[in-house]
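Readers should treat all values here as calculations from the given coordinates under stated rules, not as data from a laboratory. None of these values were measured; they are calculated from a predicted model. Neighbour counts are summed over all protein chains in view; Cβ atoms, including those assigned to glycine, are modelled from backbone coordinates with ideal geometry.
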Amino acid sequence: MRGAFFLSLGLVLGACAAPPPPPAATRAPVDLTVQSPAISSRALFGAPRPYAPERHNAQIAQDVLELGFRLESGREIPQFSRFEGPVGLRLQGTIPPLGVIETDRLVERLRREAQLDIRRGDAASTIVIEFVPRATMRRVVPEAACFILPNVTSWEEFRAAPRSARLDWTQVVQREKVLVVAPADTTVQEMRDCLHEEVAQALGPLNDLFRIGETVWNDDNFQTALTGYDMLVLRVWNDPALRPGMSRAEVEARLPAILARINPRGQRAGPPLDPVPTPRAWTVAVETALGTPNRRRAFALSQDALGIAIRSGWRDERLAFSLFLAARFAPEGEGRRAIEALTQAAQLYGARPGGQVPRAHVELHLAAQALASEQYPLVLRLTDTAMPPAHRSENGALLSSLMLLRAQALERMGRMPEAERLRAQAIPFAIYGFGSVEAAQGRRDEIAALGRPR
């Protein structure tokens, strides 16, 4: 289940080199509306270039077991479940303008990268994606941007019996039909994000883990499109050596051979396995901090999470995210400590497998602080590092924000032609990420305000 999460630059700031060549798609004029195919992930980002999985196979085996045999609520799943045979996927409801284009691109990737037998159309096993207005969805599931349900094929069928025992994932053995509920009236990026994570969960494991940085199955929502790691896990989950109904122990016994066969590069020796599981107190502190409108309470909860991470001796994504949240919610007057926390988080993410994208999110906030404090060369260095991962992970909101920060620094340095070219190139990505020309302009104005000289 995915929740919306993209930080306002102002939240962090209240507390506290040459650019890569532009993508080819931005060099020609584009139709700047969210209805245009030019504002699609295919047009903006070109051929997918996900980072290859970097974790070693023993760690991936541990990950698959924790992702696959527990729900996000913490309930244990007693048996392995999946679809058997070809899977059909169909769209219904109020389909957004780019819903078909984004779905077809996802299906292409699943077929090519995860080697799954899935196509848009009818099949004995079916995933139905129903687009529902956000207000309608959140009256029933307030915290979710999108979610999946077993054994139903429509929103109305779910609403007729929302507490039915057949909606219990712990009772599912062979998946035959799954409903993905996605927002009909959101940005292209959020719609795409929902399609990627929820369809992947329909085809694979159901849990999210904060300790894995190179996956969409992480509630930090830093990864927004399916990664190379995700595609590998889907291949493992659908390998013929596994069968619906197997116990955790049976799956565990087969994982080493499966991974050695399909991911030989992961057989290298690696660091010690991540400590698991995550204490429930840490997860509650993080989720509550993200969900509360009370900044003082959010900061206190972020400190609780950071304390647990430090006492647990973690050096992984959980400590990095705890530092990130501590910086996000730091009160006025704690700017120096917030920057130190962000710097530590960036270093931690940089040392982790697949940490390029989470680190880019942290560097966005470091670059915003550098811009506000008139450290323009530092803005250029940070954005130079962060823009390529933002582009490869197909995150228009992140990429356009980095481009606009860089453009503002260039303007303050007197390099106006470069700044204006970069702002023009950022517009389609901003519309994709933030939803409209007006929202894109609002992001530009917010960043311009940071770069005004005192």
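Below, the figures for the structure above:
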{"read-out": "Antiparallel bridge percentage (DSSP; both residues within region 52-267; nearest 5)", "value": "20 percent"}
{"read-out": "For Phe83, residues with placed amide H under 5 Å, excluding near neighbours", "value": "Arg175"}
{"read-out": "Where a label projected 7 Å from the Cα of Glu76 along Cα→Cβ would reach, residues of region 262-277 with amide N under 15 Å", "value": "277"}
{"read-out": "Paramagnetic reach from Glu176 (point 7 Å along Cα→Cβ, amide N under 14 Å) across region 64-89", "value": "82-85"}
{"read-out": "Region 210-288 - percent relative contact order, Cα under 8 Å, separation 6 or more", "value": "17 percent"}
{"read-out": "Neighbour-count ranking [beta-carbon atoms within 10 angstrom, fewest first] of Thr224, Thr283", "value": "Thr283, Thr224"}
{"read-out": "Net length gained if the chain between Arg265 and Val100 were fully extended (0.36 nm per residue, minus Cα distance)", "value": "55.9 nm"}
{"read-out": "Considering only the chain, percent of DSSP beta bridges that pair antiparallel, nearest 5", "value": "25 percent"}
{"read-out": "Between region 40-74 and region 245-285, the Cα center-to-center distance that results, in Å", "value": "12 Å"}
{"read-out": "Region 143-162-region 370-449 distance, computed between alpha-carbon centres (Å)", "value": "38 Å"}
{"read-out": "Protection-proxy order for peptides 96-104, 406-414, each taking the mean of Cβ atoms within 10 Å per residue, highest first", "value": "406-414, 96-104"}
{"read-out": "Relative contact order (%) - region 296-369, alpha-carbon pairs under 8 angstrom, separation at least six", "value": "27 percent"}
{"read-out": "Along each principal axis, Cα extent of the chain, largest first, Å", "value": "65, 51, 44"}
{"read-out": "P(r), alpha carbons of region 233-380 - 10 Å bins starting at zero, rounded %", "value": "10, 29, 28, 21, 11, 2"}
{"read-out": "Contact order relative to length of region 52-267, as percent, for alpha carbon pairs under 8 angstrom and 6 or more apart", "value": "30 percent"}
